[in-house]
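Asker: Here it is, the structure, as structure tokens.
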Amino acid sequence: MDKFTTLTGIAAPMPLVNIDTDMIIPKQFLKTIKRSGLGVNLFDEMRYDRDGNEIADFVLNQPAYRNAEVLVAGDNFGCGSSREHAPWALLDFGIRCVISTSFADIFFNNCFKNGILPITLPQEAVDVLMDDARKGANARMTVDLENQTVSTSDGVEFHFDIDPFRKHCLLNGLDDIGLTMEKAPSIDSYEDQMAQARPWV
Amino acid sequence: MTNPATPRTLYDKIWDAHVVDRSDDGTCLLYIDRHLVHEVTSPQAFEGLRMTGRKVRAPERTIAVPDHNVPTTLDRQNGIDNPESRIQVDALDRNAREFGVNYYPVNDIRQGIVHIVGPEQGWTLPGMTVVCGDSHTATHGAFGALAHGIGTSEVEHVLATQTLIQSKSRNMKVEITGRLAPGVTAKDVVLRIIAETGTAGGTGHVIEYCGEAIRNLSMEGRMTICNMAIEGGARAGLIAPDETTFNYVKGRAHAPKGAQWEAAVAWWKTLFSDAEAHWDKVVTIRGEDIEPTVTWGTSPEDALPISARVPAPEDFAGGKIDAARRSLDYMDLKPGTELTDISIDAVFIGSCTNGRIEDLRAAADVLRGRKLANGVRGMVVPGSGLVRAQAEEEGLDQVFLDAGFEWRLAGCSMCLGMNPDQLSPGERCAATSNRNFEGRQGYKGRTHLMSPAMAAAAGVVGHLTDVRQLMAQTV
């Protein structure tokens, strides 16, 4: 997993609420057995018509946002399925940070496993960032994970909260599995106890 | 860990019983009792194990079954036409055998939707932790098991370590008091709950469903409720185990037997929320107030009683105004239209929400002696091979065939259209599944969620309708 430290980039505005995982990456693209290559199908049914032509007014098709690295989105982003293809598609497109008033739990978790930073902020802050994102390619937002801040192109700064363990993993690009395997003795002893206490499990 | 002397919720108790390790910041390493695996969200996880030389730590706790991609037509033993689907199903087959996990291949009669197979085979038991790379894992909460969906990275984590790194969610109680009116089912209850709480209402919470109306539900009805906990945004849904649960579990292939059964039941009986337990959020709904309920839009929260009219965007506030406008446009509906005036083209009965035997019975009861309206196509897809066999033993297959439905083999089918079962653009479907998202059942397909009885009734009259009115007429 790539580290996430600071990011200065173009932010794309997607004010729609309840953007679900079927919108982010429709089911026909879940048939891959790889993690990569999904960026071209990110938001596929919003982004292309049936013949595969780009729909010009969709935000990521507009010249200003084709290289967006941040998404500023409406409430409850990522609701729906557990498909990690959703963050894989975002990452493959080049999105490293999503900002919203709230995220669905599983999507939120999946982001951290892939070096994407989901930031939850109050409505007033998201409104300011959304307006900044609407300014297009000349307005670059800055995200600083170490200091837990997001700043608009005008320098308006917002502080965000993040779970310390997740921050640590993201800053250092750490693999959870390796960390957990160091705790194998605790897992062994839990299993031994449970074999006595709940042998039917 | 919570001090056992302080009152705890059911969620607190199951959580406490599974903590392997706790960090200073409160993050816990939680032991996972059952890991269900299907073909869509697992190939990258098994590949990750191969690349790092890791093994599956507890293959005996891991259960694999293909469901999302499998065709449901009778000729599927001849293989899968779509090359990508075939590759995924073949990959699961290879991974299951190589890593030695429990496995029900496509042609095994026990194959079916993973969330129907787990309970059916007795893998799901009260007080367990159950995960799967699928958001509808919440289904297993009906047994009083802490069950939730995970992403593929976490699938790999569980395969390798049989644990998950978790922070605790908050406790939410949803109480349905009193009794449900005749003709009102578990599906109507859960749609009503989501209409009330919204699709983000449960975010960050584990919901416990309780109250007399929940207690009176069968295990299958309870599974329908918990299945859609995720549609309300909750991490998991739970229903405390009771005699209904124990009776359902007893005698199943992987349920405990003999002295172990007695010991298990003794522990399971301690799994309830203490009277003084703390709730972060409480929602109470009178069971008597719930009507047969359907969705009109493209979010499960867009649910209304069948007696209502299609709302207008201005009926909402904030970002939902634009979302409602987009939904109405996608669904091609005009504000003010009676829901019962919405005509349909297709009926889908099946899915992990409503693909069990009681669901098929409820639909068949409506369809006996009746036929699909002209121009409406219908498909019944049992949730597992065993559900299909049971339905055939009861003669339900003939009821469906006589009514003009197709009678299919088990799989996820048209719930998410990863297989050949899909809606055409513009086609409108009365569906017993769980998501009415744009494109979910097929590109530009339009989904109205409802109970099996309501979907069957819509098929008969050709438009959304109150099943109670149809059933009041003699055939």
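Since every read-out is calculated from the coordinates, none of them should be taken as a lab result. All figures in this text were calculated on a predicted structure; none of them were measured in a lab. Methodologically, a virtual Cβ is constructed for each residue, glycine included, from the backbone with ideal geometry; neighbour enumeration extends over all protein chains shown.
Asker: Which value in Å is the Kirkwood Rh of the stretch A:38-150 over different Cα pairs?
Answerer: 14.7 Å
Asker: So for the stretch B:10-168: antiparallel DSSP bridges make up what percent, rounded to the nearest 5?
Answerer: Roughly 35 percent of the beta bridges in the stretch B:10-168 run antiparallel, per DSSP.
Asker: Further, regarding this structure: With r defined as the distance between the Cβ atoms of A:Glu157 and B:Ser343 and R0 fixed at 56 Å, what FRET efficiency is calculated, to the nearest 0.05?
Answerer: My answer for the efficiency is 0.55.
Asker: Over the alpha-carbon set of the protein assembly as shown, divide Rg by the Kirkwood Rh and report the Rg/Rh ratio to two decimals.
Answerer: Rg/Rh for the protein assembly as shown comes to 0.95.
Asker: Just rank B:Cys352, A:Cys79, fewest to most, by other beta-carbon atoms within 10 angstrom.
Answerer: B:Cys352, A:Cys79
Asker: State the percent of C-alpha pairs, over all pairs in the stretch B:295-472, separated by a distance greater than 19 angstrom.
Answerer: The share of Cα pairs beyond 19 Å in the stretch B:295-472 comes to 53 percent.
Asker: While we're on this one: Read phi for every residue in the stretch B:391-399 and hand back ³J(HN,Hα) as whole Hz from Karplus 6.51 cos²θ - 1.76 cosθ + 1.60, θ = phi - 60°, with x for Gly and Pro.
Answerer: 4, 5, 5, 8, x, 5, 4, 5, 4
Asker: Given Cα pairs under 8 Å that are at least 6 residues apart, what percent is the relative contact order of chain B?
Answerer: With pairs under 8 Å counted, the relative contact order is 17 percent.
Asker: Next up: Over the protein assembly as shown, what is the percentage of antiparallel beta bridges among all DSSP beta bridges, to the nearest 5?
Answerer: The antiparallel proportion sits near 30 percent.
Asker: Shifting gears a bit: Can you tell me the length gained on complete extension of the stretch A:Thr149 to A:Ile55, counting 0.36 nm per residue apart and subtracting the Cα distance?
Answerer: 30.5 nm
Asker: Something else: A:Val98's amide H: which non-local residues (gap 5+, or another chain) put their own amide H closer than 5 Å, with H modeled 1.01 Å from N in plane and none for Pro or chain starts?
Answerer: For A:Val98, the qualifying residues are A:Leu71, A:Leu117, A:Ile119.
Asker: If you don't mind, there's one more thing I want to ask. Please report the projected area of the stretch B:114-213's Cα convex hull averaged over all directions, in nm².
Answerer: 7.5 nm²
Asker: What spacing in nm lies between the two simple spin-label points modelled at A:Asn138 and B:Arg22, each 7 Å away from Cα in the Cβ direction?
Answerer: 5.6 nm
Asker: Treating only the Cβ of Lys, Arg, Asp and Glu as charged (+1, +1, -1, -1), what charge dipole size does the stretch B:26-179 show about its Cα centre? Round to the nearest 20 debye.
Answerer: 600 debye
Asker: If you restrict to DSSP beta bridges whose two residues both lie in chain B, what percentage is antiparallel, to the nearest 5?
Answerer: Percent antiparallel among DSSP bridges in chain B is about 25.
Asker: May I ask for log10 I(q)/I(0) of chain B at q = 0.06, 0.11 Å⁻¹, from a Debye sum over the Cα atoms as equal point scatterers with solvent left out?
Answerer: So the normalised log intensities work out to -0.25, -0.87.
Asker: Right, next: Which of B:His115, B:His136 comes first, and how do the rest follow, when ranked by fewest Cβ neighbours within 10 Å?
Answerer: Going from sparsest to densest Cβ surroundings: B:His136, B:His115.
Asker: Return the sequence-ordered ³J(HN,Hα) values of the stretch B:213-220 in whole Hz as given by the Karplus equation 6.51 cos²θ - 1.76 cosθ + 1.60 applied to θ = phi - 60°, using x for Gly and Pro.
Answerer: Once θ is set to phi - 60°, the couplings for the stretch B:213-220 become 5, 6, 3, 7, 6, 6, 4, 5 Hz.
Asker: Which of B:Asp280, B:Asp93, B:Asp397 comes first, and how do the rest follow, when ranked by fewest Cβ neighbours within 10 Å?
Answerer: B:Asp280, B:Asp93, B:Asp397
Asker: Okay, next question. Too long at a 18 Å Cα-Cα cut-off: which of B:Lys173/B:Lys281; B:Lys281/B:Lys320; A:Lys183/B:Lys13; B:Lys320/B:Lys444?
Answerer: With Cα atoms farther than 18 Å apart: B:Lys281/B:Lys320; A:Lys183/B:Lys13; B:Lys320/B:Lys444.
Asker: As I understand it, the dipole of chain B uses +1 on the Cβ of Lys and Arg and -1 on the Cβ of Asp and Glu, about the Cα centre. Which of B:Leu146, B:His448, B:Leu409 lies farthest toward its positive end?
Answerer: B:Leu146
Asker: Right, here's the next one. Using the Cα centre of the stretch A:6-175 as the reference point, and only Cβ charges (+1 on K/R, -1 on D/E), how large is the resulting charge dipole? Debye, rounded to the nearest 20.
Answerer: My answer is approximately 620 debye.
Asker: Name the residues whose placed amide hydrogens come within less than 5 Å of the amide hydrogen of B:Asp21, ignoring near sequence neighbours (fewer than 5 apart) on the same chain.
Answerer: Amide H neighbours of B:Asp21: B:Leu29.
Asker: Shifting gears a bit: At a temperature of 37 °C and a viscosity of 0.692 mPa s, determine how fast the stretch B:10-168 diffuses translationally according to Stokes-Einstein, using the Kirkwood radius over alpha-carbon pairs as Rh; express D in µm²/s, rounded to the nearest whole number.
Answerer: The calculation lands on 204 µm²/s.
Asker: Additional query: Roughly how many whole Å is it from the C-alpha centroid of the stretch B:299-327 to that of the stretch B:57-88?
Answerer: Each part reduced to its Cα centre gives a spacing of 37 Å.
Asker: Here's another thing I want to ask about it. Given the Cα-Cα distance of A:Asp127 and A:Leu171 and 0.36 nm per residue of separation, how much length would full extension add, in nm?
Answerer: Going from the current span to full extension adds 13.1 nm.
Asker: Could you work out the Rg to Rh ratio of chain A, with Rh taken as the Kirkwood radius (inverse of the mean 1/r over all Cα pairs)?
Answerer: 1.05
Asker: Right, something else. Using +1 on the beta carbon of Lys and Arg, -1 on that of Asp and Glu, and nothing else charged, what's the dipole of the protein assembly as shown about the Cα centre, debye to 20?
Answerer: Approximately 1020 debye in magnitude.
Asker: May I pose another question? Tell me, how many Å apart are the Cα centres for the stretch B:351-375 and for the stretch A:54-90?
Answerer: About 38 Å separates the Cα centre of the stretch B:351-375 from the one of the stretch A:54-90.
Asker: How much length is gained if the chain between B:Asp329 and B:Lys371 is pulled fully straight, taking 0.36 nm per residue apart and subtracting their Cα-Cα distance, in nm to one decimal?
Answerer: Roughly 12.0 nm would be gained on extension.
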